[in-house]
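Enquirer: Quick one: this structure, given as structure tokens, is what I'll be asking you about.
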Amino acid sequence: MNSKKTKAFFETTNTDFIDKTVILGEYKIHYLQTGNNQNPTLFFVHGSPGSWDAYKEYLKDTLLLQKYRMIAIDRPGFGYSNFSNAEDLQTQAKRITLFLKSIDNKKPITLIGHSMGGPVITKMATLEPKLYANLIILAGSVDPKAENPEIWRNFIMKKPIRYLIPGALRPSNDELWWLKHDLVTMKKDLGKITSKITVIHGTKDQLVPYSNMAFIQKEFVNAKLMDTISIKNADHFIPWSHYEIIRNALLNLH
């Protein structure tokens with residue numbers, strides 16, 4: 001969404017918002033913020049491809065606005081955050097962490113990640129275990145064994161074919177090809193995570209296997225608390241198809 005459409009969207013509910021880009025060295029992070037700046041933070045990280053507006057309905061939710069400061073970003077390589085320049089999991093996590101520290105209000109932080117956003121917030125929590133009160137993993141692809149990238153992804157990464165791939169599909173293809181290797185590398189660090197964990201996954205997810213839930217339960221051995229919500233017969237798109245379940249999980253955070 002461009003700035004004009006963003007303004008029109010939030011004006012429909014008279015929701016105050018911040019639409020801003022932070023420059024950190026040679027890269028930039030674009031984000032939207034709503035809610036009281038003195039409240040605990042819900043920090044939303046989208047999937048692949050995607051942008052901040054994957055969470056636009058949450059950002060204007062009146063119940064969430066009463067309780068939280070909410071921030072949704074364009075991940076590195078997407079939207080207005082260095083568009084088309086894909087980054088691996090480690091680089092994304094480090095850059096997003098630096099951004100988050102730059103706007104820290106010293107209140108508890110909850111990370112919410114859908115799909116590719118799941119491994120991104122997981123990586124962030126391995127790098128800074130004490131920084132995050134909660135992780136909410138929505139249909140997140142965290143299990144390296146469940147990740148089987150299609151061979152054609154490597155083929156279309158090469159010149160000149162990669163330049164025929166339109167828009168955000170190019171950085172999306174790159175990061176999804178790298179993901180399995182990144183997850184293998186991250187697995188040894190999952191025990192560092194000490195946040196409270198909520199995993200929400202549809203049992204009929206055709207894009208990210210439901211088996212990820214069992215993997216997280218097994219490998220996040222030092223999580224302070226582990227809640228799991230299985231949504232029967234739901235597919236991959238639960239942030240939109242099962243909005244109330246997810247919104248209520250956010251409202252009921254400990």
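Enquirer: Name the one entry in A168, A234, A223, A214 that is small (G, A, S) and touching an Asp or Glu at 6+ places or on another chain (Cβ under 8 Å).
Expert: Values: A168 fails: touching an Asp or Glu at 6+ places or on another chain (Cβ under 8 Å); A223 fails: touching an Asp or Glu at 6+ places or on another chain (Cβ under 8 Å); A214 fails: touching an Asp or Glu at 6+ places or on another chain (Cβ under 8 Å).
Answer to the check: A234.
Enquirer: Tell me, yes or no, whether the range 44-59 has at least one residue that is more than 17 Å from M116 (Cα to Cα), assigned to a strand (DSSP E or B) and out of contact with any Gly (no Cβ under 6 Å at 6 or more places or on another chain). Spell out how you get there, then give the answer.
Expert: Going through the range 44-59, the residues more than 17 Å from M116 (Cα to Cα) turn out to be 56-59.
Narrowing the set further to residues that are assigned to a strand (DSSP E or B) leaves none.
Scanning the range 44-59 turns up no residue that is more than 17 Å from M116 (Cα to Cα), assigned to a strand (DSSP E or B) and out of contact with any Gly (no Cβ under 6 Å at 6 or more places or on another chain).
Enquirer: Taking the residues in the range 1-39 that are exposed (fewer than 12 other Cβ atoms within 10 Å of the Cβ), acidic (D, E) and not in a helix (DSSP H, G or I) as candidates, determine which candidate is modelled with the lowest pLDDT.
Expert: The selected residue is E26.
Enquirer: Could I ask something else about it? Find the residue count for the range 93-112, including only residues that are outside any strand (DSSP E or B) and in contact (Cβ under 8 Å) with a residue 40 or more places away in the chain.
Expert: Going through the range 93-112 one residue at a time, the tally reaches 10.
Enquirer: Identify all residues within the range 206-243 that are in a loop (DSSP other than H, G, I, E, B) and closer than 13 Å to V142 by Cβ; write none if there are none.
Expert: Result: V208, P209, Y210, S211, F220, A223.
Enquirer: Further question: Does at least one position in the range 221-242 carry a residue that is among the aromatic types (F, W, Y) and open to solvent by less than 40 Å² (accessible area, probe 1.4 Å)? Full working, then the answer.
Expert: Here is the first cut: in the range 221-242, the residues among the aromatic types (F, W, Y) are 237, 240.
Of the ones still in play, those that are also open to solvent by less than 40 Å² (accessible area, probe 1.4 Å) are none.
No: the range 221-242 contains no residue that is among the aromatic types (F, W, Y) and open to solvent by less than 40 Å² (accessible area, probe 1.4 Å).
Enquirer: Being open to solvent by 10 Å² or more (accessible area, probe 1.4 Å) and in contact with a His (Cβ under 8 Å, 6 or more places away or on another chain) is the filter here; which residues of the range 115-133 pass it?
Expert: Hit for the range 115-133 is S115, nothing else.
Enquirer: Collect the residues in the range 154-192 that are at pLDDT 75 or above, open to solvent by less than 40 Å² (accessible area, probe 1.4 Å) and assigned to a helix (DSSP H, G or I), keeping them in residue-number order.
Expert: Within the range 154-192, P171, S172, N173, D174, E175, L176, L179, D182, L183, M186, L190, G191 meet the criteria.
Enquirer: Considering the range 113-144 alone, what residues qualify as being under 22 Å from F215 (Cα atoms), free of Cβ contacts under 8 Å to residues at least 60 places away in the same chain and more than 12 Å from the chain's Cα centre (by Cα)?
Expert: Scanning the range 113-144 gives L127, E128, P144.
Enquirer: Can you tell me which residues in the range 50-92 are closer than 19 Å to G167 by Cβ, over 16 Å from the mean Cα position of the chain (by Cα) and touching a residue at least 60 places away in the same chain (Cβ under 8 Å)?
Expert: F83, S84, N85
The values are calculated or read from the model by the stated rules, or taken from the named source; none is laboratory data. Note that the structure is a prediction, hence the values are computed from the model and not measured. FYI the Cβ positions are ideal-geometry reconstructions off the backbone, even for glycines, and counts take in every protein chain you see. Note: accessible area is taken over every heavy atom of the protein model, side chains too, but ligands, DNA and RNA are not part of it. Shrake-Rupley method; radii C 1.70, N 1.55, O 1.52, S 1.80 Å.
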